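The values are calculated or read from the model by the stated rules, or taken from the named source; none is laboratory data. These numbers come from a predicted model, not from an experiment. Backbone-built Cβ (ideal geometry, glycine too); neighbour counts: all protein chains shown. Protein only, heavy atoms only, side chains kept; ligands, DNA and RNA dropped before computing areas. Shrake-Rupley method; radii C 1.70, N 1.55, O 1.52, S 1.80 Å.
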Amino acid sequence: MTTTEKPDYKVVGTRPIRPDGVEKVTGKALYGADINLPGLVHGAVLRSPHAHARIVSIDTSAAQAMPGVLAVVTHADLPVVSDKALDMGEGISTASDMSKNVLAADKVLYRGHAVAGVAATNVHDALSALEAIKVEYEVLPPVLNVQDAMREDAPLLDDSRHTKTPTGDLSDNASNIAAHTRFEGGDVEAAFAAADIVVEREFDTKMVHQGYIEPHNGTANWNSDGTLTVWTSTQGAFAVRSALSELLKLPVSRIRVIPMEIGGGFGGKIGLYLEPIAAILSRKSGRPVQLTMDRTDVFQATGPTSGGHMKGKIAVKDGKITAAEVSLAFEAGAFPGSPVGAGAMCMLSPYEVENFKVDAFDVVVNKPKVAAYRAPGAPNASFCVEQLIDELARESGADPLQFRLSNSAREGSRMITGVAHPRIGHEETVQAVQSSDHYQSPIEGPNRGRGVASGFWFNAGMQSSVIASVNPDGTVNLIEGSTDIGGTRASLAMQLAETLGIEYERIRPTVADTDSVGHNDVTGGSRTTYASGQAVYEAGLDVQQQMVSRAAKLWECETEDVEYVDGSLRHKSDSEKTITFAELAGKQMETGGPLQGRGTVMARTPGAAFGVHLVDVEVDTETGKVEILRYTIAQDVGTAVHPSYVEGQMQGGVVQGIGWALNEEYYYGEDGRMENSSFLDYRMPTSLDLPMIDTIIVEVPNPGHPFGVRGVGEVPIVPPLAAIANAINDATGHRFTELPISPRRVVEELHNLQ
Amino acid sequence: MKEIDYLAPSSLGEAYAALQTGKTSAFLAGGTDIIVQLREGRKQVDQLIDVKHIPELVSYKWTDDGGLEIGAAVPFAEIYGDAEIVHRLPCLIDCATLVGGIQIQSRACFGGNIGNSGPAADTIPALIALGATLTVGSADGLRDIRLEEFFTGPGQNVLGSGELIVKVNIPPQPANSGSFFHRFIPRNEMDIAVVNVGARLDLDSNGERIEGARISVGAVAPTPLYVAAAGDALVGEAPTDEAFARAADIAADAATPITDMRGSIAQRVHLTRVLTNRALNEALARSRED
Amino acid sequence: MPTRRTHIQTNLNGEEVDFLCEPRQSLLEVLREELGLTGTKEGCNNGNCGACSVIMNGRVVNSCCVLGVEAEGAEVTTIEGVAEGEALHPLQQCFLEEAALQCGVCTPGFIIASKALLDSEPSPDEGRIRHWLAGNLCRCTGYDKIVRAVLKASDMEEVSA
Ligand SMILES: Cc1cc2nc3c(=O)[nH]c(=O)nc-3n(C[C@H](O)[C@H](O)[C@H](O)COP(=O)(O)OP(=O)(O)OC[C@H]3O[C@@H](n4cnc5c(N)ncnc54)[C@H](O)[C@@H]3O)c2cc1C
Ligand code: FES
Ligand code: FES
């Protein structure tokens, strides 16, 4: 569904086969753990068995003396680093927190916290050596949720941490609340007093993991000239380089990061875990060292996203939302930096809300430090707001979609940050769902229900750079620095083909290492197709321009007399004089030597994305099991460059959301141990748990991008939690305010068990 | 994984001899429990004895009286790939088709499921309902054990250190009998039972009166439970909703579950009742087939 | 003490191969570390994800739950043995055409598992495919396009059969 007349693209909007596809379906593509190097040795990491403890002493001497062991590292081997903020692209941390997270310093702050690393000739020996490392702990009581952590008498993770308050001052007392942010506008009290309907509820969500299938890995070689080469599966090779530079106190010019294929990230493969340990082990052993995590490590010791507690209150007068008061407290894990601010800024953005007061608390707890996860913060916050909206629509007797439409934000509406929306497509997206076959078909049958929810995500812009080198046979090598997690080689190659007016097959994209291309921020924030796409467009224009001057040289005319049309150069007034892209590419020698285009961007207007989801469920009220009967997602994608991969992003995001809604959670024992740290017990959806996911692509072009592209990848995970809760409410008459809405919770609440 | 020896005896005799060496041993059937347990350090032994080269353990056959003897190491995929078993013992298929996913079923087997002796093991309530016995062998010869008497605790059973499970014997089922295995998991596959129930109903020739019933429940106690009282309460009754509800209550009363990541006490007791009821209804439907 | 390594002979992707391995090494470890066949992936190392699927003696198994020594005398097919030279298997072609992979790390496992299905059941329906593939986790695609790719490949195979 397109809302405006789309330009007549030749490549954009088609569905070609991705350039890296054959390698990936034949098993030849090399992911991080697939690399082998001469002399490569393996390592293992010792992890804390306690959720909270002081490290009294570490004795590695016995391990060091074991057969096959080449090196052992602890925090003492890392340089002392500053409190300098490190912006990893999605989520900010300080160098010292990151260093303490990589290898625990004086305290372990979660079970699984890395304490020491070992390199040995094989992985089995490395694992045996871990058992010989003696660590003496003074065990401390853990804090495992935000309510406990926020209590005045709570055990503190860090005695020296004070709350950064809304005024910017620090609190007097030390606290587990790292930051309190507030957004305020209008007159909330007056609006609530004047309202027709007010609903108010509290909500809880649990920590969940991105669940990428490939575990983290890192391979490092500390060369004899003092340079460091790192191979890793990361969302951002340049972010790894700059963080390694800070943590190891090594200039970026001495670090080369080679991005391997990456088996999923969703935000979780931006931070550093293994790379610095592998680097020091390599320096100490003189051998290239590879570290990989097992699945338990991935769950316990990487960066999931926050659970938290939320309180929301929204008012309606004459069918219009007039006020919202929401308080969000999110777990940051062991170090500050939850996505609570982003959640706060997103949750009300589909609507016009004049009077609001939003409080956001970033709270440390004895769990792994959270990382980004697809639209970080927004799904949880929307679980709260979109259920309240549903309730308000019900109480107003309004159709839930119509209610959203009549309260929808549009161009010019202000978000709670005060920023006005540019051209956005929330209304169009709601309408797309209204006219869908799914919405038009009534849902019937006992214990069945239907729910809807809206979602918003900013999308990121940031920096990208690419190089386009023209080959004599008329093909183009596109060198990019954004790692390809889900088909961006294709979407970038397509945009270059479109810009140059040549066939997609003539573009050969390569993801280069940090020595081979200019800076690129992470593949995250749904930015790659959008922002690197702009860089590609710039590079294409650069090539066009150079070709124009070369044709002018060939024809001995002014450049003004030459035009570049549809992959050919033409003399504007002499129709005899034309030359195709490929022909001119073959004449590079005669026309001035190698031809290379460049594109660099600092993208600023990313173009927000909206999604509206519709879901039908059936609840087995005896067993508590919820079945997803039918699911439709509509999303404004600006322009779908490769519609298949756009649909894939939408479907993948929805299914992660379904897992989050129904089963996924970090299940903790009182001792702070995550008990379900395996795929068997963490329960991500399998193919058998799902129907097909129907997609409706809405295209409201982004004025900030040459082809109208908006980020696509993140917003699809925002609405499912609330949409499913709303559907279950419709089916059972019971509102579930705590995630996951697992069979256990459903039977316990519906049957008043316990 | 710690270093380990691997042996692949090609006869029962060789296997018994391997058990006499004084080394600690585990058996390797499909490996879907033991390999993971050894790798994660949850178990440690000197030697792994691969039982898949012992002819008696990798074959199955119908007995003259209509029973089925299944070698302990026959993978589930082979069992449910046999049309006759599918037809004659659907309850066996209920459990064999839902252990893990397809990859697991290619290797996993009854002997491993029973040998692992997990409280939530899926084939056990089904087999207990069917009245199965085990044939266990050692250098001293063979002995038969009723399955419900085999388990002594989580991961524990009556097997002596020189013994292994040779085969599972499913006795001939009465003419008007039906059995069903039902499991509850949050996902639809790839999950460990929150509760599982096997139920068998033997009806009289008119299908109006219950002559015998066996009910077994898993994941609600340290071992799979055979709830004889629940079955006994049905004997002599008509197969009505009320009778089934009473049996389900007895089964639920017998449950002494724990709360863990897979379910809570209250949920498990509740599910025991629900699943027993459903399993009895399905078993009744099956008794009326053919 | 040097670790004991056993000599194993197996038919791997149609070729007789020899290797040495320790009993504690999984088939997955042997394929990846000893034989350099890194197309078979590790996602969990405990049978939960299917990324390490290979076909062994005609059945699809998780190679992380098989010991390398068990491959003695076996026939094993890995993702590297699915295409015939430059000719992709219909499943590989359909995965590409249907955009059934995003990050691609689960893809070898899905193709192997799907191949085992189509080898034994040439025309499965959607429900059967979803059931068969439940032991293979994919976190990127939501399975929709994977299921469509397998359906399409089964149509192609039928046509070519
Ligand atoms: C991903 C995954 C999913 C699973 N899902 C389920 C499920 O849904 N339901 C379920 O019940 N289980 C499940 N399991 C557990 C496991 O697959 C089953 O218990 C299986 O039946 C074990 O059989 P096996 O042949 O693989 O046993 P093995 O691992 O080979 O052996 C298991 C144990 O039995 C002993 N043993 C084996 N053979 C003999 C013998 N002949 N005599 C005496 N002892 C013997 C071994 O010493 C060992 O201790 C799952 C496992 C995994 C990895
Ligand atoms: S790696 Fe073998 S099943 Fe996951
Ligand atoms: S494509 Fe990434 S896990 Fe399947």
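One table, with the values for the structure above:
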{"read-out": "Residue in region A:133-145 that is open to solvent by 60 Å² or more (accessible area, probe 1.4 Å), out of contact with any strand residue (DSSP E or B) (no Cβ under 7 Å at 6 or more places or on another chain), assigned to a loop (DSSP other than H, G, I, E, B) and closer than 19 Å to A:V56 by Cβ present", "value": "yes"}
{"read-out": "Filter result (over 14 Å from A:F610 (Cβ atoms), assigned to a helix (DSSP H, G or I) and touching a residue at least 40 places away in the same chain (Cβ under 8 Å)) within region A:390-421", "value": "A:D390, A:E391, A:L392, A:E395, A:P400, A:F403, A:S406"}
{"read-out": "B:I93 open to solvent by 20 Å² or more (accessible area, probe 1.4 Å), within 14 Å of chain C (Cβ to nearest Cβ) and either within 16 Å of ligand 3 (Cβ to nearest atom) or under 30 Å from C:A51 (Cβ atoms) (or both)", "value": "yes"}
{"read-out": "The one condition in (1) in contact with a helix residue (DSSP H, G or I) (Cβ under 9 Å, 6 or more places away or on another chain); (2) within 16 Å of ligand 1 (Cβ to nearest atom) that C:N57 fails to fulfil", "value": "(1)"}
{"read-out": "Residue list for region C:79-114, restricted to those being at the interface with chain A (Cβ under 8 Å from one of its Cβ atoms), part of a loop (DSSP other than H, G, I, E, B) and buried (at least 24 other Cβ atoms within 10 Å of the Cβ)", "value": "C:A99, C:L101, C:Q102, C:C103, C:G104, C:V105, C:C106"}
{"read-out": "Qualifying residues in region A:146-194 (those that are in contact with a Pro (Cβ under 6 Å, 6 or more places away or on another chain) and farther than 30 Å from A:A315 by Cβ) - the one most open to solvent (accessible area, probe 1.4 Å)", "value": "A:P155"}
{"read-out": "Among residues of region B:103-156, those that are open to solvent by 20 Å² or more (accessible area, probe 1.4 Å), within 22 Å of B:Y60 (Cβ to Cβ), more than 7 Å from ligand 1 (Cβ to nearest atom) and in contact with a Phe, Trp or Tyr (Cβ under 7 Å, 6 or more places away or on another chain), counted", "value": "1"}
{"read-out": "Candidate set: region C:19-40, residues that are open to solvent by less than 10 Å² (accessible area, probe 1.4 Å) and under 16 Å from the mean Cα position of the chain (by Cα); chosen: the one nearest to B:M1 (Cα to Cα)", "value": "C:S26"}
{"read-out": "Index of the failed condition, A:R683 passing every other in (1) without any contact (Cβ under 8 Å) to a residue 60 or more places away in the chain; (2) surrounded by fewer than 24 Cβ atoms within 10 Å (Cβ to Cβ)", "value": "(2)"}
{"read-out": "Test: A:S454 is over 30 Å from A:E428 (Cα atoms), open to solvent by less than 10 Å² (accessible area, probe 1.4 Å), away from ligand 1 (no atom under 16 Å from the Cβ) and polar (S, T, N, Q)", "value": "no"}
{"read-out": "Candidates C:N13, C:N62, C:N48, filtered to the one that is of a type outside the set (A, V, I, L, M, F, W, C), touching a helix residue (DSSP H, G or I) at 6+ places or on another chain (Cβ under 9 Å) and away from chain A (no Cβ under 11 Å)", "value": "C:N62"}
{"read-out": "Within region A:706-720, considering residues that are out of contact with any Gly (no Cβ under 6 Å at 6 or more places or on another chain) and buried (at least 24 other Cβ atoms within 10 Å of the Cβ), the one farthest from the other protein chains (Cβ to nearest Cβ)", "value": "A:F707"}
{"read-out": "A:D204 surrounded by fewer than 21 Cβ atoms within 10 Å (Cβ to Cβ), farther than 25 Å from A:V298 by Cβ and more than 16 Å from ligand 1 (Cβ to nearest atom)", "value": "no"}
{"read-out": "Yes/no for A:T529 being in a helix (DSSP H, G or I) and in contact (Cβ under 8 Å) with a residue 24 or more places away in the chain", "value": "yes"}
{"read-out": "Any chance A:G648 is under 25 Å from A:E749 (Cα atoms), crowded, with 22+ Cβ neighbours inside 10 Å and at pLDDT 95 or above", "value": "no"}
{"read-out": "Of all residues in region A:721-750 being open to solvent by 30 Å² or more (accessible area, probe 1.4 Å) and of a type in the set (S, T, Y), the one that is nearest to A:R410 (Cα to Cα)", "value": "A:T737"}
{"read-out": "Strands (runs of 3 or more DSSP E) completely within region A:542-589 that count 1 or more residues being more than 22 Å from A:N471 (Cα to Cα)", "value": "A:568-571"}
{"read-out": "Count of region B:157-186 residues which are open to solvent by less than 20 Å² (accessible area, probe 1.4 Å), in a strand (DSSP E or B) and within 12 Å of ligand 1 (Cβ to nearest atom)", "value": "6"}
{"read-out": "Count of region A:20-56 residues which are part of a loop (DSSP other than H, G, I, E, B), in contact (Cβ under 8 Å) with a residue 40 or more places away in the chain and open to solvent by less than 60 Å² (accessible area, probe 1.4 Å)", "value": "10"}
{"read-out": "From the options B:L38, B:L7, B:L12, B:L19, residue that is closer than 23 Å to A:S677 by Cα, touching a residue at least 12 places away in the same chain (Cβ under 8 Å) and more than 9 Å from ligand 1 (Cβ to nearest atom)", "value": "B:L38"}
{"read-out": "Selected residue (only one of A:P368, A:P422 is outside the structural domain of A:A723 (by TED's automatic domain parsing) and either open to solvent by 40 Å² or more (accessible area, probe 1.4 Å) or not β-branched (V, I, T) (or both))", "value": "A:P368"}
{"read-out": "Region A:189-230, residues that are part of a strand (DSSP E or B), within 13 Å of chain C (Cβ to nearest Cβ) and hydrophobic (A, V, I, L, M, F, W, C)", "value": "A:V208"}
{"read-out": "Check on B:G22, over 18 Å from B:L127 (Cβ atoms) and within 16 Å of ligand 3 (Cβ to nearest atom)", "value": "no"}
{"read-out": "Conditions (1) part of a strand (DSSP E or B); (2) in contact with a Lys or Arg (Cβ under 9 Å, 6 or more places away or on another chain); (3) closer than 30 Å to A:A51 by Cα: number failed by A:C384", "value": "(1)"}
{"read-out": "Among (1) open to solvent by 20 Å² or more (accessible area, probe 1.4 Å); (2) more than 16 Å from ligand 2 (Cβ to nearest atom), the one test that B:V194 misses", "value": "(1)"}
{"read-out": "Number of the condition not met by C:Q92 [criteria: (1) touching a residue at least 40 places away in the same chain (Cβ under 8 Å); (2) of a type in the set (S, T, N, Q); (3) away from ligand 2 (no atom under 16 Å from the Cβ)]", "value": "(1)"}
{"read-out": "Hey, C:V105 aliphatic (A, V, I, L, M), in contact (Cβ under 8 Å) with a residue 12 or more places away in the chain, within 16 Å of ligand 2 (Cβ to nearest atom) and farther than 24 Å from B:D82 by Cβ or not", "value": "yes"}
{"read-out": "Residues that are small (G, A, S) and either part of a strand (DSSP E or B) or closer than 12 Å to A:A360 by Cα (or both), drawn from region A:338-350", "value": "A:S338, A:G341, A:A342, A:G343, A:A344"}
